[in-house]
Every structure is written in C-alpha cells, then in structure tokens.
Amino acid sequence: MIGRLLPGFPLLLATLLAALLLWLNQSVRAPSPIQDGSSRRAEPDYMIENFSAVRMDRDGITRHLLSAKKMVHYPDDDTTDLEYPHFINTEPGKPAMQVDADQAKMTANSEDIYLSGNVRILRSAGKGRGETAMTTSFLHLLPDDGIAKTDRPVVITEANAVIKAVGMEVSNRTQVTRLLSQVRVVHAKTR
C-alpha cells in the first residue's frame, strides 16, 4: 500500500508547498489603503480653506486663477478635492473664461479638473460677440489647453438665444463651441 502512495507523493508535496508559500506571501504582505473594495481613500495629507492660487507662464503672465472654499489633498493618488471652486482662464488676447461649481477633483499637476454639481461657465464678451453663459452638471476642464467639455446636457444662454444640447466642447483659444447632439435653439427676435 505504501508503494502505491509513493508515485503521487512528489506531486502532493509540491502542491502543499505551493499553497503554503502562497498563504505566507499573502499574510506578510503590507495592507493596501483600500482592501475591502470600498471607495474609501487614504487620509489627506493637507487641507486649505479659503485659498487662491495663480499659475503663470515663463514670461510671468497670469494664465489661470483658482480659488475655492476648501481644498483637500490625498497623497495615495495625488488628487485634490475642491469645495466651491472658482476657476478663471486668462488666455492673453482672449476673453476671460470663468468656471464655478459645487465641487471638483483635480489630478496631479492640475492637468485635469473634473467639476460637478451646478457647473457654470461664463465666457466674457469679445470681438463682436456678447457674453455667453453655460450650465451643466459635469465638466472636464483641461486648463493648459483652454478646453472645457462635457457629455451631459448643457444650456447655453447668449444675448438673443438659448441653446440646449447634450455634450459640448469649448475652446477658449479658438473661441469655438462644438455641440455634440440633440441641439435645440430658441432665437429671440430683436425689436
């Protein structure tokens, strides 16, 4: 009977050894910040209330202004949460574009800002064009490119028109606004 067990013994021993090594590896591994699959994040490393920041180009010209009621930074993914952010893009030679929202998430180096909750864009008047106001529930802002875009419903209000659409991309550099779908325009008659 022992002779029958010996041919399968090396396979059984290798399987047990592999299982033991796997168990040891899992038990000595450092716990990750999120082990239970929840959306909890690590503790913030700093918070700032009622702040303003200015970003300038190499020539010292102001490019962007950012202020918020509260800023919370998370080191685990290098993101920043903002409460009531106010962003102003001051592209030289172009009308200023202001963006307000209830909250925002900013990636490292401020390359992407995701605004949500009562998002309002205000593009100042310029070059024969009146002031334009846009509202939506979500906006992806690319500050260095001067681009704001959304895939959500948007309402655009100009001096003599109200435009509703789903999806939009605005370029502050080219002054072009692209509407993506379901565009409806109500044009007021001038008297």
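Figures for the structure shown
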{"quantity": "Complete set of residues in region 109-122 that are of a type outside the set (S, T, N, Q) and under 17 Å from residue 164 (Cα atoms)", "calculated": "119, 120, 121, 122"}
{"quantity": "Search result, residues across region 141-157 that are at pLDDT below 85 and either touching a helix residue (DSSP H, G or I) at 6+ places or on another chain (Cβ under 9 Å) or closer than 18 Å to residue 122 by Cβ (or both)", "calculated": "143, 144, 146"}
{"quantity": "Qualifying residue in region 96-107 (condition: farther than 30 Å from residue 184 by Cα, under 14 Å from the mean Cα position of the chain (by Cα) and not in a loop (DSSP other than H, G, I, E, B))", "calculated": "yes"}
{"quantity": "Residue in region 148-160 that is in contact with a strand residue (DSSP E or B) (Cβ under 8 Å, 6 or more places away or on another chain), more than 19 Å from residue 99 (Cβ to Cβ), part of a strand (DSSP E or B) and free of Cβ contacts under 8 Å to residues at least 24 places away in the same chain present", "calculated": "no"}
{"quantity": "Hits in region 164-191 (condition: basic (Lys, Arg) and either touching a helix residue (DSSP H, G or I) at 6+ places or on another chain (Cβ under 8 Å) or in a strand (DSSP E or B) (or both))", "calculated": "164, 173, 178, 184"}
{"quantity": "Output for region 49-85, where each listed residue is buried (at least 16 other Cβ atoms within 10 Å of the Cβ) and aliphatic (A, V, I, L, M)", "calculated": "65, 66, 68, 71, 72, 82"}
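The values are calculated or read from the model by the stated rules, or taken from the named source; none is laboratory data. Quick caveat, the model's predicted, so the values are computed rather than measured. No Cβ is skipped: glycine too gets one built from the backbone with ideal geometry, and neighbour counts run over all protein chains shown.
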